[in-house]
1. Can you find even one residue in the range 112-124 that is under 16 Å from residue 198 (Cβ atoms) and either crowded, with 22+ Cβ neighbours inside 10 Å or modelled with pLDDT under 95 (or both)?
2. Within the set of pairs 6+ apart or on separate chains, which have a first residue in the range 154-176 that is within 14 Å of residue 120 (Cα to Cα), a second that is in a loop (DSSP other than H, G, I, E, B), and C-beta atoms under 8 Å apart?
3. Give the residue, chosen from 56, 88, that is under 25 Å from residue 138 (Cβ atoms), at pLDDT 95 or above and out of contact with any strand residue (DSSP E or B) (no Cβ under 7 Å at 6 or more places or on another chain).
4. Taking the residues in the range 274-291 that are without any contact (Cβ under 8 Å) to a residue 12 or more places away in the chain and in a helix (DSSP H, G or I) as candidates, determine which candidate is farthest from residue 44 (Cα to Cα).
5. Assigned to a helix (DSSP H, G or I), in contact with a helix residue (DSSP H, G or I) (Cβ under 7 Å, 6 or more places away or on another chain), crowded, with 20+ Cβ neighbours inside 10 Å and at pLDDT 90 or above, is that true of residue 214?
6. Could you please give the count of residues in the range 27-71 that are within 19 Å of residue 190 (Cβ to Cβ) and in a helix (DSSP H, G or I)?
7. Against the condition outside any helix (DSSP H, G or I) and either out of contact with any strand residue (DSSP E or B) (no Cβ under 7 Å at 6 or more places or on another chain) or farther than 30 Å from residue 365 by Cα (or both), how does residue 312 come out, does it pass?
8. Return the only residue of 133, 99 being at pLDDT 95 or above, crowded, with 24+ Cβ neighbours inside 10 Å and either out of contact with any strand residue (DSSP E or B) (no Cβ under 8 Å at 6 or more places or on another chain) or not in a helix (DSSP H, G or I) (or both).
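The values are calculated or read from the model by the stated rules, or taken from the named source; none is laboratory data. Remember, predicted model here, so these are calculated numbers, not experimental data. Here the Cβ positions follow ideal geometry from the backbone for every residue, glycine too, while neighbour counts run over all protein chains shown.
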């Protein structure tokens, strides 16, 4: 990535995402939402969308603005669209959360905020989809990781469309039978498109590239990665389009969910084999903290797949869907996000500060910008607390879940402190670390001269 342009607003996306994460964890520790409230209660919907949109989607959008151009060796279509997209997403998220508070009776305000929030979110994601889509369209043929991202972006479009329908059906007098049918029965398709297609599929595609790059492992381009792409895409098509087709035929969507689930498990199995190969073939013998902690996230994904099979076998899947979803959101997606963010913030900060003077003055290594010994214990605490919280949900112990969520909050706060220290170059000192031509970067945006 040396010489690559820096996305000016990526750090702003990361900062907003981390604020949403720490807020969601604190709310769980305080007993807000599931499991203290039912899964479909407005309080739980508030919490879920704060995590999925506020944390994970903003994190992924910010990362893709920086890394999609790297994946295809083409510049971003327009960095100028990044800030208005972020503003619309934050405004839409705020309105959506306010709408859920209205449904819960906490916020006595009329009219409903949901339709306005849905339009703002659709506009924000639409700008992002247009920006990234037009960036990808400039490259043919697309490399493997970029093909995963393309499918993820299509899944995001499906997620936003279904979410818009839900918001309108909840807040406006609508009589169209198909819209009402989608609002009443398509929630599982919305979840699959968002968590499975948008978040997980993008994470899988980007992880192929980032893990190889950060561990100095050969990139995988053989049959297996392409099988993951094909099987995963087929799973999404069968589930989302097949499910909508079944709704049109006034039939239950359980068959589409079952077939899509089997295809996705096959894809995840092959993906796990590929990741093990990357770890075995790495040239970097000492695994950096980000790759070490990514292994814990991948372990959580494997555990979630096994748990899903066990729950289905014992016919407890519906009863324990909350525990399974929690493990996917916090063990897999959040764990991977925090692990990679620890490296990405250091890497982008190094590029911004030292890339322009490489070869002209002594510069520190990327690893010199972080303090792994200080951060390692907090990552261990985060994963231990996440797994304990999952076990508490399976055991229906609300008190233990809240204690585990409090530990997650503390660990996440400490990791955020480490990220801020990295961004502010607080872990390096002396003339070699801060030559006269290098200044501490701004916390939320990249310096204009580096983009």
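1. Yes, the range 112-124 has at least one match.
2. Final answer for the pair search is 165/186; 168/174.
3. Unique residue meeting the criteria: 88.
4. Residues of the range 274-291 without any contact (Cβ under 8 Å) to a residue 12 or more places away in the chain: 276, 280, 285-286.
Subset that is in a helix (DSSP H, G or I): 276, 280.
Numbers: 276: 36, 280: 41 Å.
Residue satisfying both the conditions and the ranking: 280.
5. No, not satisfied.
6. Residues in the range 27-71 being within 19 Å of residue 190 (Cβ to Cβ) and in a helix (DSSP H, G or I): 19 in total.
7. So residue 312 does not fit the description; no.
8. Only one candidate passes the filter, namely 99.
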